[in-house]
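Q: One structure is given below, represented as C-alpha cells, and several questions about it will come after.
The values are calculated or read from the model by the stated rules, or taken from the named source; none is laboratory data. These figures come from a predicted structure and were not determined experimentally. Every residue, glycine as well, gets a Cβ built from its backbone with ideal geometry; the counts of neighbours run over all protein chains shown.
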C-alpha cells in the first residue's frame with residue numbers, strides 16, 4: 001500500500017503530541033545548520049578573510065542584493081528572515097538526495113508552516129512599517145469594494161506558496177524513487193544532479209516570493 005504524500009509518518013509521541021518524520025528531520029537540519037554556522041563564523045576577520053569567510057560574504061551579499069532588487073528597498077532589515085529561509089530550504093530540499101532520508105519540504109505540513117511564517121511576518125512587518133490603520137487601509141485600494149477580494153488574496157497567496165513548494169519537491173523525489181527502483185543505483189545519477197539544481201531553484205523562488213509578499217505589505221512595492 002502506497003502512503004499518501006499528504007500524510008507524514010509518526011516517529012514518536014510526546015504525550016498526546018505526535019512527532020512526525022519531517023519534524024525530526026527539521027530538528028536535525030537545524031542542528032547541522034547551527035553547528036555549521038558556528039564553525040564557519042567563529043574566526044571571522046576584518047582584514048585578510050579566508051576562503052570560507054569569502055564564500056560566506058559572497059553568499060550574504062548575493063542574497064542581500066537579490067532581496068533588495070526584489071523589494072526595491074534596503075534588504076538589511078529583512079535579511080535575517082529571508083536569508084534563513086533560503087538557507088534552510090536549500091539544505092532541506094537537497095537532504096532528500098541523501099540515501100535513506102526524505103526532504104521535510106516533500107511533506108505539506110512543513111511547507112504550510114513555512115508559508116504561515118511568511119504570512120505572519122508580512123502582517124507584522126506591514127503594521128510596523130505603515131501603522132495598523134495604514135496597513136489595513138491598503139486592503140481597500142484601489143476601491144473599498146475590493147476589500148473582500150484583497151483579504152482573500154492575502155490568504156490564498158500563502159496557500160499557493162506552500163502548495164507550489166510541496167508539489168515541486170515531492171514530485172522530484174517521487175520520480176527519482178521510481179527510476180531508482182526500476183533502473184538500479186547509478187542510472188538516476190544525472191536525474192539526481194538535475195534534482196539538486198531544482199532544489200536550489202525552488203529555495204530561490206520561495207525566498208523571492210516571500211520578499212515580494214513582504215515588500216507589498218510594507219509598501220516598498222505595489223501590492224498585487
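Q: Sort out which residues of the stretch 1-56 are part of a loop (DSSP other than H, G, I, E, B), modelled with pLDDT under 85 and loosely packed, with under 10 Cβ neighbours inside 10 Å, and write them in order of number.
A: Scanning the stretch 1-56 gives 1, 2, 3, 4, 15, 42, 45, 46, 47, 48.
Q: With (1) assigned to a helix (DSSP H, G or I); (2) surrounded by 16 or more Cβ atoms within 10 Å (Cβ to Cβ); (3) modelled with pLDDT under 90; (4) out of contact with any helix residue (DSSP H, G or I) (no Cβ under 6 Å at 6 or more places or on another chain) as the list, and residue 70 as the residue in question, which single condition is left unmet?
A: Unmet condition: (4).
Q: Looking only at the stretch 117-137, which residues are without any contact (Cβ under 8 Å) to a residue 24 or more places away in the chain and surrounded by 16 or more Cβ atoms within 10 Å (Cβ to Cβ)?
A: 127
Q: Right, here's the next one. I'd like to verify a number: residues in the stretch 98-116 that are surrounded by 23 or more Cβ atoms within 10 Å (Cβ to Cβ), under 11 Å from residue 22 (Cβ atoms) and free of Cβ contacts under 8 Å to residues at least 60 places away in the same chain, how many?
A: So the count comes out to 1.
Q: Another question about this same structure. Starting from the stretch 36-63, keep only residues that are closer than 17 Å to residue 87 by Cβ, then list their pairs with residues that are at pLDDT below 80 and assigned to a loop (DSSP other than H, G, I, E, B) whose Cβ atoms are within a distance under 7 Å, requiring at least 6 positions of separation or different chains.
A: Short answer, once both residue conditions are applied: 53/44; 53/45; 57/49.
Q: Okay, moving on. Just to be sure before I move on: is residue 89 within 22 Å of residue 199 (Cβ to Cβ) and either touching a helix residue (DSSP H, G or I) at 6+ places or on another chain (Cβ under 8 Å) or in a helix (DSSP H, G or I) (or both) in the structure I sent? Steps first, please.
A: Details: within 22 Å of residue 199 (Cβ to Cβ): yes; either touching a helix residue (DSSP H, G or I) at 6+ places or on another chain (Cβ under 8 Å) or in a helix (DSSP H, G or I) (or both): yes.
Spelling it out, residue 89 is indeed within 22 Å of residue 199 (Cβ to Cβ) and either touching a helix residue (DSSP H, G or I) at 6+ places or on another chain (Cβ under 8 Å) or in a helix (DSSP H, G or I) (or both).
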